[in-house]
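Visitor: Following this message is one structure expressed as structure tokens.
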Amino acid sequence: MEPDYISVNRASWNRRTAVHLESSFYDQQSFLAGRSSLNEIELPLLGDLRGQRVLHLQCHFGQDTISLARLGAAPTGVDLSDAAIDAARAAADATGADARFLCCDLYDLPAHLDESFDVVFSSYGTIGWLPDLERWAALIARYLKPGGRFVFAEFHPVVWMFDDALETVGYRYFNSGPIVETESGTYAERGADMELSYVCWNHGLAEVITSLLDAGLELRTLREYDYAPYNCLRNMVEEEPGRFRVAHLGNKIPLVYALEAVSKRI
Ligand SMILES: C[S@@+](CC[C@H](N)C(=O)[O-])C[C@H]1O[C@@H](n2cnc3c(N)ncnc32)[C@H](O)[C@@H]1O
């Protein structure tokens with residue numbers, strides 16, 4: 001039987017949020033003081049956002065959403081975790097950012113939001129929490145206005161083939177159903193004293209791209225990177241500022257991909 005992944009994952013993201021808010025990884029203090037959390041990979045794809053309505057899927061506690069507002073966009077962030085959305089709203093209040101936040105399962109969004117957007121954005125650690133990319137892509141297509149753009153940056157599916165230490169291949173590249181696990185600590189605070197249970201899925205590149213094409217989007221850009229902008233996997237080294245690679249793998253594997261796709265609706 002399919003595990004109740006919504007309850008399991010909401011509970012684990014609520015617990016992570018409290019730790020992430022205090023972590024040097026997310027450095028909430030410098031963020032509130034004005035630092036942008038967006039990276040060199042997604043910024044050129046996002047382009048000039050002044051006056052653009054942006055839907056930000058799986059926004060966690062809103063750092064990227066508020067960073068989008070600081071670039072002149074009118075963003076709406078959506079996330080499953082009520083703790084994350086509470087923190088996102090508090091950060092928007094504290095910074096005076098013009099950002100709106102909704103708390104729900106992504107697939108339930110149409111029950112909460114009936115608008116269209118110039119840009120839909122999602123990044124780093126998102127689709128692994130979703131079982132069905134056809135529904136994900138249909139949702140993106142539904143919220144894009146005609147000619148609207150989807151901008152996506154994500155960890156490469158090759159990364160998720162490896163065990164936690166990135167030493168052995170322990171998982172299939174392809175989606176083979178739910179992966180149910182428990183880990184101690186969290187990527188932003190490895191030593192945190194907590195056990196987290198979660199349910200996730202691997203999604204290969206063809207699965208991602210085919211679902212977007214089938215939903216009526218046109219792929220404009222697809223890029224792969226041999227570094228990640230975050231020190232979030234085990235044994236990473238920052239070889240150039242803001243570019244992290246896994247020490248013993250060097251530049252041999254892709255760590256991130258990014259794409260831009262456009263709604264063909266007229
Ligand atoms: C790694 S974080 C988002 C990444 C963002 N780049 C960051 O680091 O702030 C993943 C987010 O997905 C959210 N999430 C997981 N499953 C979800 C679902 N079914 N619907 C909406 N959000 C979900 C979690 O609550 C979490 O905040």
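The values are calculated or read from the model by the stated rules, or taken from the named source; none is laboratory data. Being a predicted model, the structure only gives us computed values, none of them experimental. Quick note on the areas: whole protein, heavy atoms, side chains included, nothing else; ligands and nucleic acids left out. Shrake-Rupley method; radii C 1.70, N 1.55, O 1.52, S 1.80 Å.
Visitor: Do me a favour and compute the ellipsoid semi-axes for the stretch 138-185 from its Cα gyration tensor, root of five times each eigenvalue, largest one first, whole Å.
Guide: Each semi-axis is √(5λ); the values are 31, 13, 11 Å.
Visitor: In Å, what Kirkwood hydrodynamic radius results for the chain from the alpha-carbon pair distances?
Guide: 18.8 Å is the Kirkwood radius here.
Visitor: What percent antiparallel are the DSSP beta bridges of the stretch 122-266, to the nearest 5?
Guide: The antiparallel proportion sits near 95 percent.
Visitor: Hey, another quick one. Per residue, how large is the accessible surface of the stretch 1-83? Use a 1.4 angstrom probe and give square angstrom.
Guide: Heavy-atom SASA per residue in the stretch 1-83 reads 42 Å².
Visitor: Taking every Cα atom in the stretch 135-266, find the radius of gyration and the maximum pairwise distance Dmax, and write them in Å.
Guide: Final numbers for Rg and Dmax: 16.7, 52 Å.
Visitor: At a probe radius of 1.4 Å, what is the per-residue accessible area of H248, in Å² to the nearest 10?
Guide: It works out to around 80 Å².
Visitor: Note down the Stokes-Einstein diffusion coefficient of the stretch 107-204 in µm²/s, whole number, using a Kirkwood radius over alpha carbon pairs, 10 °C, and 1.306 mPa s.
Guide: Stokes-Einstein gives a translational diffusion coefficient of 102 µm²/s.
Visitor: Tell me the Kirkwood radius of the stretch 1-157: reciprocal of the mean inverse pair distance over distinct alpha-carbon atoms, in Å.
Guide: 15.8 Å is the Kirkwood radius here.
Visitor: Report the equivalent ellipsoid semi-axes for the stretch 1-73 in whole Å, largest first, defined as the square roots of five times the eigenvalues of the gyration tensor built from alpha carbon atoms.
Guide: 27, 18, 10
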